[in-house]
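I have placed the structure first, in the form of structure tokens, so that the comments after it can refer back to it.
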Amino acid sequence: EAGVAQSPRYKIIEKRQSVAFWCNPISGHATLYWYQQILGQGPKLLIQFQNNGVVDDSQLPKDRFSAERLKGVDSTLKIQPAKLEDSAVYLCASSLSTGTTGELFFGEGSRLTVL
Amino acid sequence: DQQVKQNSPSLSVQEGRISILNCDYTNSMFDYFLWYKKYPAEGPTFLISISSIKDKNEDGRFTVFLNKSAKHLSLHIVPSQPGDSAVYFCAASANNNNDMRFGAGTRLTVKP
């Protein structure tokens with residue numbers, strides 16, 4: 001079974017530029033998450049989708065971050081314009097459905113460096 | 001707001017001995033707790049979980065203990081192996097996985 005796929009693995013941009021990350025969850029997983037992990041900290045939830053609807057985006061900085069999950073499968077996370085403090089690993093995760101065991105399956109992450 | 005805390009950023013143990021990783025939480029609404037393991041350049045992988053209705057869950061060399069009154073959980077690895085060297089994250093959620101909160105992680109090093 002294929003795992004959660006993310007791209008790109010690494011991205012270096014200058015502040016005020018834009019960047020987009022892509023995620024393909026495990027087939028059949030209805031719930032998709034984007035987490036931000038800053039160095040030395042645990043992952044922080046940015047947004048959670050159930051199929052193509054947003055369940056929770058309370059911690060998403062909506063002035064610069066946006067995410068979509070058209071058709072309820074793949075998802076993209078965009079940052080525009082990027083700030084220095086956005087340097088982090090962006091982790092995508094999926095699970096069968098909200099309300100199951102709680103186990104999330106994570107991708108390898110996309111490491112963003114903002115200069 | 002740090003609702004899940006792992007106060008030890010690192011832990012070093014000898015191969016064959018017990019590793020004990022600790023986690024504290026503040027939100028009494030949390031009812032499900034998980035441990036994830038992360039190797040460098042990889043995403044976290046699920047290790048073991050426990051529901052708030054239990055106080056212990058065991059899976060091979062890994063055991064998680066939950067003390068609800070103290071809002072504390074711990075992960076025991078016995079015996080520790082060099083391959084266990086990784087960063088371990090404690091996570092907690094209420095209402096299943098609608099809002100899973102992670103601790104900052106503990107880096108475990110198991111020395112041969």
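Any residue at all in the range B:50-62 that's surrounded by 15 or more Cβ atoms within 10 Å (Cβ to Cβ), assigned to a loop (DSSP other than H, G, I, E, B) and either free of Cβ contacts under 8 Å to residues at least 24 places away in the same chain or within 14 Å of chain A (Cβ to nearest Cβ) (or both)? Looking for residues that are surrounded by 15 or more Cβ atoms within 10 Å (Cβ to Cβ), assigned to a loop (DSSP other than H, G, I, E, B) and either free of Cβ contacts under 8 Å to residues at least 24 places away in the same chain or within 14 Å of chain A (Cβ to nearest Cβ) (or both), one finds at least one in the range B:50-62, hence yes.
Could you identify the single residue in B:LEU21, B:LEU47, B:LEU34, B:LEU66 that is out of contact with any Ser or Thr (no Cβ under 9 Å at 6 or more places or on another chain) and either under 30 Å from A:PRO8 (Cα atoms) or aliphatic (A, V, I, L, M) (or both)? Break it down stepwise before answering.
On the way: B:LEU21 fails: out of contact with any Ser or Thr (no Cβ under 9 Å at 6 or more places or on another chain); B:LEU34 fails: out of contact with any Ser or Thr (no Cβ under 9 Å at 6 or more places or on another chain); B:LEU66 fails: out of contact with any Ser or Thr (no Cβ under 9 Å at 6 or more places or on another chain).
Sole residue among the options that is out of contact with any Ser or Thr (no Cβ under 9 Å at 6 or more places or on another chain) and either under 30 Å from A:PRO8 (Cα atoms) or aliphatic (A, V, I, L, M) (or both): B:LEU47.
Being touching a Leu at 6+ places or on another chain (Cβ under 6 Å), among the small types (Gly, Ala, Ser) and either within 13 Å of chain A (Cβ to nearest Cβ) or in contact (Cβ under 8 Å) with a residue 40 or more places away in the chain (or both): is that true of B:SER10 here? Give the derivation first.
Numbers: touching a Leu at 6+ places or on another chain (Cβ under 6 Å): no; among the small types (Gly, Ala, Ser): yes; either within 13 Å of chain A (Cβ to nearest Cβ) or in contact (Cβ under 8 Å) with a residue 40 or more places away in the chain (or both): yes.
No.
Here B:ALA70 clears all of (1) in a strand (DSSP E or B); (2) of a type in the set (A, V, I, L, M); (3) over 30 Å from A:CYS23 (Cβ atoms) except the condition numbered (1).
For the range B:1-46, a residue qualifies if it is among the aliphatic types (A, V, I, L, M), farther than 16 Å from B:ALA94 by Cα and open to solvent by less than 30 Å² (accessible area, probe 1.4 Å), and the qualifying residues are B:VAL13, B:LEU21. Here A:VAL4 meets the list (1) over 19 Å from A:GLY107 (Cα atoms); (2) at pLDDT 95 or above; (3) of a type in the set (Val, Ile, Thr) almost entirely, failing just condition (1).
Consider the range B:70-104 and keep the residues that are open to solvent by 10 Å² or more (accessible area, probe 1.4 Å) and in contact with a Gly (Cβ under 6 Å, 6 or more places away or on another chain). The one that is farthest from the other protein chains (Cβ to nearest Cβ) is B:PRO79. Answer yes or no as to whether A:TRP34 is aromatic (Phe, Trp, Tyr), under 19 Å from B:PHE102 (Cα atoms) and at pLDDT 95 or above. So A:TRP34 passes the test.
Apart from one condition, A:SER95 fits all of (1) over 22 Å from B:LYS5 (Cα atoms); (2) surrounded by fewer than 22 Cβ atoms within 10 Å (Cβ to Cβ); the exception is (2).
Among the residues of the range A:8-49, those that are open to solvent by 10 Å² or more (accessible area, probe 1.4 Å), closer than 30 Å to B:SER10 by Cα and either within 13 Å of chain B (Cβ to nearest Cβ) or part of a loop (DSSP other than H, G, I, E, B) (or both) comprise A:PRO8, A:ARG9, A:TYR10, A:GLN36, A:GLN37, A:ILE38, A:LEU39, A:GLY40, A:GLN41, A:GLY42, A:LYS44.
The values are calculated or read from the model by the stated rules, or taken from the named source; none is laboratory data. This is a predicted model, so every value here is computed, not measured. Counting neighbours? That spans all protein chains shown, and the Cβs are built from the backbone with ideal geometry, glycine included. Just so you know, the surface numbers come from the protein's heavy atoms only, side chains and all, with ligands and any DNA or RNA stripped out. Shrake-Rupley method; radii C 1.70, N 1.55, O 1.52, S 1.80 Å.
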